[in-house]
Each structure stands twice: as structure tokens, then as C-alpha cells.
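Every number here is computed from the coordinates shown, using simple stated rules; none is lab data. For clarity, every value in this text was computed on a predicted model and none was experimentally measured. Here the Cβ is made from the backbone with ideal geometry for all residues, glycine too, and neighbour counts use every protein chain on show.
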Amino acid sequence: DGGITQSPKYLFRKEGQNVTLSCEQNLNHDAMYWYRQDPGQGLRLIYYSQIVNDFQKGDIAEGYSVSREKKESFPLTVTSAQKNPTAFYLCASSALSASYEQYFGPGTRLTVT
Amino acid sequence: GQQLNQSPQSMFIQEGEDVSMNCTSSSIFNTWLWYKQDPGEGPVLLIALYKAGELTSNGRLTAQFGITRKDSFLNISASIPSDVGIYFCAGQSLIQGAQKLVFGQGTRLTINP
């Protein structure tokens, strides 16, 4: 089955710890994205990558970091510098030729206490 | 930055009723998309609109790309229980050399059987 996988589904961390969220896709998409979703709000773009070894900041990149060493993988690290990290994190991918059609993974709910 | 105003924020309807929701913006978009999100899951793409004035259907769903390119609406006819969820509009435009999506805040649909 082609698709996007995110793991784990639920993640709990203590304040001050860095945590890495996984995102893998087997759709052969060039572009990948990370979004953050808070209750009652739309999705906000954290980082995106259009090709391997290159990525760009989105609207709310502070306190986050990413890497894109492989086409199919785009992990997101939530650092201790992120002031309010508890949220639902969504990964998406798209073909560059149709980058407006973004397909989403199932999400990871991160709770930091 | 660009913003989308999506309304209504929530709807409570009876099964079998028709539903209408819309998104407006002060900015022009090249593409409009409509997504549905079930609780705790990632959004699923329902309809993509590519041209101003375009009217597209997907089963009981109909969406239109406004002629000013600043708005879009989604209609659902004869609602059924599985239509429950949060519906998001998204506008796509070229920002800083990359195609990006801007999301509305969502419309939460609740159906009374």
C-alpha cells in the first residue's frame, strides 16, 4: 500500500527534552511538509522540503528542526526551545508537479508535561 | 501573512439535510482544496479546484472556485452520519518560490440521527 506513515501515534515527554517525530512515505513524492494543529485552529506550516538535503522554514519554525537525508523520510525534532510543544503534528507529501495536492499521514499527538 | 476565513465554525444538522460552508480571503489563490479530518486522524483530500469559476462534484460533495479567486464553497447534499468531522479549506499560492497551502480554521460538522 502506498502512503504516509507517522510514528508513534501518541508521544509523551518531559519538559526540557528533545523529541523526534518520524515521517515516512512510499509515494515517491519529492516534497514533504510538517504541520502543527492546535484545537480549533487550522494547520500551520513548520518546515517543508522539496528535494533531498534541502529544506525551508515555514511560518512557525522556531523551536523545531528537520533533516531530509532520504527522499522517503522527513523527521521532525521538537526541541526544548519550543515554548508550547503539546500539539497534533501532521506530515504531508506531494509530487512537485502537483504540489498543491498534499496527502497527509495519520498524525502524532505529542504531550509535553 | 495570508489568512482564510472559514465559516461557519460549527454546524449541527439533522441527517438528510444539505450542508454549505465557505472560505474567503483577501488574497488571491491559484488552487482551492477541501479536506475532511476525522478525530485523531490526518486530513483527507476531498476536492481540488484549479480554475476560477470551476464547479466540481465528488459524489454528494460539490465545490466551487470563486470567480474572484478569493473564495470557495463546499456543499454536501443529503448528509449521512459518516459525514461527521472537520472540514478544512486550503488555498494554494506561490510564496517565496514555493507552492504553499494556507488553511482555514475548519468547520466542525455534527449530525443528529
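From the Cα gyration tensor of the protein assembly as shown, with a ≥ b ≥ c the square roots of its eigenvalues, which class applies: rounded if a/c is under 1.5, or else prolate if a/b is larger than b/c, or else oblate?
Prolate, since a/c reaches 1.5 and a/b exceeds b/c.
Can you compute the charge dipole magnitude of the stretch A:27-102 about its Cα centre, using +1 on each Lys and Arg Cβ and -1 on each Asp and Glu Cβ, nothing else charged? Give it in debye, rounded to the nearest 20.
Magnitude of the dipole: close to 160 debye.
Give the order of B:Leu33, A:Leu27, B:Leu46 when sorted by the count of other beta carbons within 10 angstrom, beginning with the fewest.
Placing the least packed residue first, the sequence is A:Leu27, B:Leu46, B:Leu33.
For B:Ser26, B:Ser72, what ranking results if the residue with the fewest other Cβ atoms within 10 Å of its Cβ goes first?
B:Ser26, B:Ser72
Please compute the Kirkwood hydrodynamic radius over the stretch A:37-85, one decimal place, Å, based on all pairs of different Cα atoms.
For the stretch A:37-85, the Kirkwood estimate is 11.7 Å.
Between A:Leu11 and A:Ser67, what is the label-to-label distance in nm when each label sits 7 Å out along the Cα-to-Cβ direction?
1.4 nm
Not counting the cut sites, what is the longest span of chain A without trypsin sites (Lys or Arg not before Pro) that DSSP labels loop and that have at most 13 other Cβ atoms within 10 Å?
Between exposed loop sites, the widest span is A:15-82.
Evaluate the charge dipole of the protein assembly as shown about its Cα centre and quote only its size in Debye, nearest 20, assuming +1 on the Cβ of each Lys and Arg and -1 on the Cβ of each Asp and Glu.
500 debye
I want to check the label-to-label distance for B:Thr110 and B:Val84. Put each point 7 Å from Cα in the C-beta direction and report it in nm to one decimal.
According to this spin-label approximation, the distance is 1.0 nm.
Order these by the 10 Å Cβ neighbour count, fewest first: B:Phe29, B:Phe73, A:Phe12.
A:Phe12, B:Phe73, B:Phe29
Let a ≥ b ≥ c be the square roots of the eigenvalues of the Cα gyration tensor of the stretch B:29-96; is it rounded (a/c under 1.5), or, if not, prolate (a/b larger than b/c) or oblate?
Oblate shape, in that a/c is at least 1.5 and b/c is the bigger or equal ratio.
Considering the options A:Ala81, A:Asn26, A:Ser7, tell which one lies farthest towards the positive end of the dipole of chain A, charges being +1 on Lys and Arg and -1 on Asp and Glu at the Cβ, about the Cα centre.
Of the options given, the answer is A:Ala81.
Rounded, prolate or oblate, given the Cα gyration tensor of chain A, with a/c below 1.5 counting as rounded?
prolate
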